[in-house]
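Peer 1: One structure coming up, written as structure tokens, with questions to follow.
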2 protein chains.
Amino acid sequence: MDIARYAEFYRDKLLDDVIPFWVRHSPDRDCGGYFTCLDRTGKVYDTDKFMWPQGRQVWVLSKMYRHVRQEQEYLDLARLGAEFIRDHGFDENGNIYFALERDGKAYANTCIFSDCFCAMGLAEYAAAAGSEADWARDLAMKTYRGVQDWLVNKEDPYSRFIPGVRPTESMAFDMINVNMSLELDSIINDPLFRQCGLASAERILNLHVDRKEGLVFDNVAPDGAHPDTFGGRVILPGHALECLWFLISAGDAWGRSDIVTAAIETIPDMLEFGWDEKYGGFFYYRDAAGKPPEQLEWDRKLWWVHCEALVATLLAYKHTGRAEFAEWFEKVHEYTWDRFADPEHGEWFGYLDRGGEVLLNMKGGKWKGCFHLPRTLHVCWQLLDDLSADGQG
Amino acid sequence: MDIARYAEFYRDKLLDDVIPFWVRHSPDRDCGGYFTCLDRTGKVYDTDKFMWPQGRQVWVLSKMYRHVRQEQEYLDLARLGAEFIRDHGFDENGNIYFALERDGKAYANTCIFSDCFCAMGLAEYAAAAGSEADWARDLAMKTYRGVQDWLVNKEDPYSRFIPGVRPTESMAFDMINVNMSLELDSIINDPLFRQCGLASAERILNLHVDRKEGLVFDNVAPDGAHPDTFGGRVILPGHALECLWFLISAGDAWGRSDIVTAAIETIPDMLEFGWDEKYGGFFYYRDAAGKPPEQLEWDRKLWWVHCEALVATLLAYKHTGRAEFAEWFEKVHEYTWDRFADPEHGEWFGYLDRGGEVLLNMKGGKWKGCFHLPRTLHVCWQLLDDLSADGQG
């Protein structure tokens, strides 16, 4: 494959298309933070502030400033979000809400993933802004420690499941913990990150990654068994591929080649299992046993699932040089840029129907913000640059 | 339209197709209650017991026994479900769980709608079984009173929404309360049912039915205003049509022609708004302002939505004799029997994609059980018989 051409493509899309879209349309200069509910053209269609995308956008803009271009606008906009999180995001126990009204009044209670994404955003902002933002570093560290405390019992006061009955380990927490720990480890000097991140990585490998079946199970029994229930059977190809590339990065950074190898070896099976042979693209949900999934949106094609597949395949290619990963990368590249991209108004549509037609005529919402796509473009561009320098192109 | 032919059709489908499917495939004679997760052929693919469909199937089988055919099998199977509810469904506070394992061990906490559907099931069972089932009548009454107490504050310990912020009235509770009150009123002699049912009906008319816009809003502010939020904008055509026919029935039974008239006048607008002009069928969710809905399954075609549309149009036709309602009934009849029905293995598929293709290859699951379709067939058959007798055919 033409590595140099791909590198240029991903860089251009990041710098000339996707980042400008969010810089132009998302800042709420009156109330702070970002609008994420943007229609196809970038116009705001809902003013609520969801804390996942707030934290994530702070992370992206700070990362851009620190690693790509020292544009004052990136830093200023990262501050707009970081200060909104600081001023409105936390409840009295130091946990972060799920959703606020435009002016910062919380209406939906705390959610552990809000803590994770905001901790990542605040830490990256602190690294980008330097000593003037020590407050952000301290807040990130405090929030990170809160998440680690929570992971011991994983108590969710809002869960309808009866504690102790049908105990289930959910991969989502450990998966985000690997990513968050890795990110903070590159910014703050503390052995805690490696220790907690590796503990999560090992739980994922021991419990959720089923090497025999070639599948990654989101919900398992405490011994890793697969209950024959809706939750026990469900597979999220996007979660699996995202988690696998987190594991490769973590194993790589923390000197654990066994984790890298195990993750890479599971990728081909997950790609095959997740791919829709009839219409192309990856399914959102599938039932491991081929039974009817409970999610009515199971066959939708989501932007983030495909973003994670681009990173996973390219990272696996960089590690192994195996042609199958390059071929998968090019196949996913072709599918995504043909269907998700909007050449007319920029950025990507987030949600397609099974056949690849646009399902929701918008660029952002409650879940889609400035995160998966710019992260993918940045990581792929860097990987492609590295590959080019290694002469693997 | 050929009323007599339709009457025969709905009767035959009820007696020779749909009821036999559930009688044959759903009873769990070892552990009690019913399996509802049935594949296309009726084979059990998941053994969990969800309490909504347990209560609902008890109601259908008891109703069949009392109003259609005194088949001992119907009564025996109703008892199988009623005793399962009695023995395993209740928590220590007398509220009914959401989900149990096959043997009756609860794993998902209480849910007010479980109480409603089980109260309806137990009351109808008591009426069918006679004095031997006084326990069921007492349990139904106790559960009904619990729901009325709950409706005062509507406290949900598992809700993530922060109490007092952005207060919202949800139509679902009042809508089911109208239906449940009406059902119990026909069985147990207590003025409470009329009083509580009418209070709910009035709240729906005052708050949720927007006569000016011709829409029924599921979530409104306490003064009936429509917040410009995802929740405030969402319209569920199926909910709306189901609620409107509950209101017609309630107004009719309780001598409130104003309620009947208001409900009937809203039906044509809701039919138009809900109908998919491109592919036919009713959407599951739509945004009142034409903004992107948050539900990725918004354009799916669901069996129950179409069942409620059949009843609503036919009931409105019976009340008014207006040709538009007959035309809508025939249009929905044609759409549903062409696409949802499975002539090969009986019953209906529950979920189609927007284009009308089968999305989930099954007849039952967590939500679809023995309820909406047999209720629709029974109600439509009765309405058609009445119309035929009135010479409106």
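Peer 1: Rounded, prolate or oblate, given the Cα gyration tensor of the protein assembly as shown, with a/c below 1.5 counting as rounded?
Peer 2: prolate
Peer 1: Sort the range B:28-154 into rounded, prolate or oblate with this rule: let a ≥ b ≥ c be the square roots of the eigenvalues of the Cα gyration tensor; rounded if a/c is under 1.5, and if a/c is not under 1.5, prolate when a/b is larger than b/c, oblate otherwise. Kindly include the intermediate steps, with their values, before the conclusion.
Peer 2: Values: a/c = 1.85, a/b = 1.10, b/c = 1.69.
Judged from the Cα gyration tensor, the range B:28-154 comes out oblate (a/c at least 1.5, b/c at or above a/b).
Peer 1: Next question. Which cross-chain or sequence-distant (5 or more) residues have an amide H under 5 Å from the amide H of A:ARG40, H modelled 1.01 Å from N in plane?
Peer 2: Those qualifying (amide H under 5 Å, at least 5 residues apart or on another chain) are A:LYS363.
Peer 1: How much accessible area per residue does chain A have, counting only protein heavy atoms and a probe of 1.4 Å, in square angstrom?
Peer 2: Accessible area per residue, chain A: 37 Å².
Peer 1: Could you work out the relative contact order of the range A:149-205? I mean the mean sequence separation of Cα pairs under 8 Å and 6+ apart, divided by the number of residues, in percent.
Peer 2: Worked out over the range A:149-205, it gives 33 percent.
Peer 1: Please say if the range A:102-201 is rounded, prolate or oblate, where rounded means a/c under 1.5 for a ≥ b ≥ c the square roots of the C-alpha gyration tensor eigenvalues, and otherwise the choice is prolate for a/b larger than b/c and oblate otherwise?
Peer 2: oblate
Peer 1: May I pose another question? So who's got an amide H within less than 5 Å of the one on B:ARG322, skipping anything under 5 residues away but keeping other chains? H placed 1.01 Å off N, in plane.
Peer 2: Sorted by chain and number, the residues that satisfy this come to none at all.
Peer 1: Just to be sure I follow the rule: in the range B:28-154, considering lysines 8 or more places apart or on different chains, how many pairs have Cα atoms under 26 Å apart?
Peer 2: Lysine pair count for the range B:28-154: 9.
Peer 1: Okay, next question. DSSP H helices in chain A with Cα extent of 20 Å or more along the helix axis and mean Kyte-Doolittle hydropathy at least 0.5?
Peer 2: For chain A, where a helix must reach 20 Å along its axis and average at least 0.5, the hits are A:112-129, A:171-185, A:237-253, A:257-274, A:303-320.
Peer 1: Between chains A and B, what is the buried accessible area summed over both chains (1.4 Å probe, protein heavy atoms, nearest 100 Å²)? Display every interim value, and only then the final one.
Peer 2: Numbers: alone 16360 and 16340 Å², together 28840 Å².
It comes to approximately 3900 Å² buried between A and B.
Peer 1: Further, regarding this structure: What are the principal axis extents of the Cα atoms in chain A, in Å, biggest first?
Peer 2: Its Cα atoms span 53, 51, 41 Å along the three principal axes.
Peer 1: Looking at the calculated P(r) for the range B:147-293, what percent of the C-alpha pair distances fall above 18 Å?
Peer 2: 58 percent
Peer 1: Okay, next question. Between A:ILE187, A:ILE264, A:ILE96, find the one with the highest GNM mean-square fluctuation for chain A; connect C-alpha pairs within less than 10 Å.
Peer 2: A:ILE187
Peer 1: Is it possible to state the helix-based mean residue ellipticity at 222 nm for chain B, with each DSSP H run of 4+ residues giving -39500 (n - 2.57), the sum divided by total residues, to the nearest 500 deg cm²/dmol? What is it? Mind dumping the intermediate values first?
Peer 2: Details: 14 runs with 202 residues, N = 393.
Helix contribution divided over all residues of chain B: -16500 deg cm²/dmol.
Peer 1: Round to the nearest 10 and report in Å² the accessible area of B:THR168, as given by a 1.4 Å probe over the protein chains' heavy atoms.
Peer 2: Surface open to solvent at B:THR168 totals about 80 Å².
Peer 1: When the Cα centres of the range A:90-150 and the range A:318-363 are compared, how far apart do they sit, in Å?
Peer 2: Here the answer is 31 Å between Cα centres.
Peer 1: Counting only protein chains, not ligands or nucleic acids, how are B:ARG322, B:ARG56 ordered by accessible area (probe 1.4 Å), most first?
Peer 2: B:ARG322, B:ARG56
Peer 1: Could you pull the copy-to-copy label distances for B:ASP30, with points set 7 Å along Cα to Cβ, in nm to one decimal and sorted shortest first?
Peer 2: Listed shortest first, these distances are 6.3 nm.
Peer 1: Related question: Dipole of chain B (Lys/Arg Cβ +1, Asp/Glu Cβ -1, origin at the Cα centre): which of B:TRP303, B:SER159, B:MET362 lies farthest to the positive side?
Peer 2: Of the options given, the answer is B:SER159.
Peer 1: With unit charges on the beta carbon (Lys/Arg positive, Asp/Glu negative), name the residue among B:ALA326, B:ALA263, B:TYR279 whose Cα is farthest towards the positive pole of the charge dipole of the range B:237-372.
Peer 2: The residue sitting farthest along the positive end of the dipole is B:ALA263.
Peer 1: Over the range B:182-235, what is the relative contact order in whole percent, taking alpha-carbon pairs under 8 Å and six or more residues apart? Before the final figure, lay out the partial values.
Peer 2: Values: 46 pairs, mean separation 11.7, N = 54.
Dividing the mean separation by the residue count of the range B:182-235 yields 22 percent.
Peer 1: Using the alpha-carbon centroid of each, what span in Å lies between the range A:204-226 and the range B:44-77?
Peer 2: Cα centroid to Cα centroid, the span is 38 Å.
Peer 1: Only Cα pairs under 8 Å and at least 6 apart count here; give the relative contact order of chain A as a rounded whole percent.
Peer 2: Result for chain A is 19 percent.
Peer 1: Taking amide H atoms as placed 1.01 Å from N in the peptide plane, list the residues 5 or more away in sequence, or in a different chain, whose amide H sits under 5 Å from that of A:TYR107.
Peer 2: Counting only residues 5 or more places away or on other chains, the set is A:ALA99, A:LEU100, A:GLU101.
The values are calculated or read from the model by the stated rules, or taken from the named source; none is laboratory data. Quantities reported herein were computed from a predicted structural model and do not represent experimental measurements. Note that each Cβ is placed from the backbone with ideal geometry, even for glycine, and that neighbours are counted across all protein chains shown. These area figures cover heavy atoms from the full protein model, side chains too; ligands, DNA and RNA do not enter into them. Shrake-Rupley method; radii C 1.70, N 1.55, O 1.52, S 1.80 Å.
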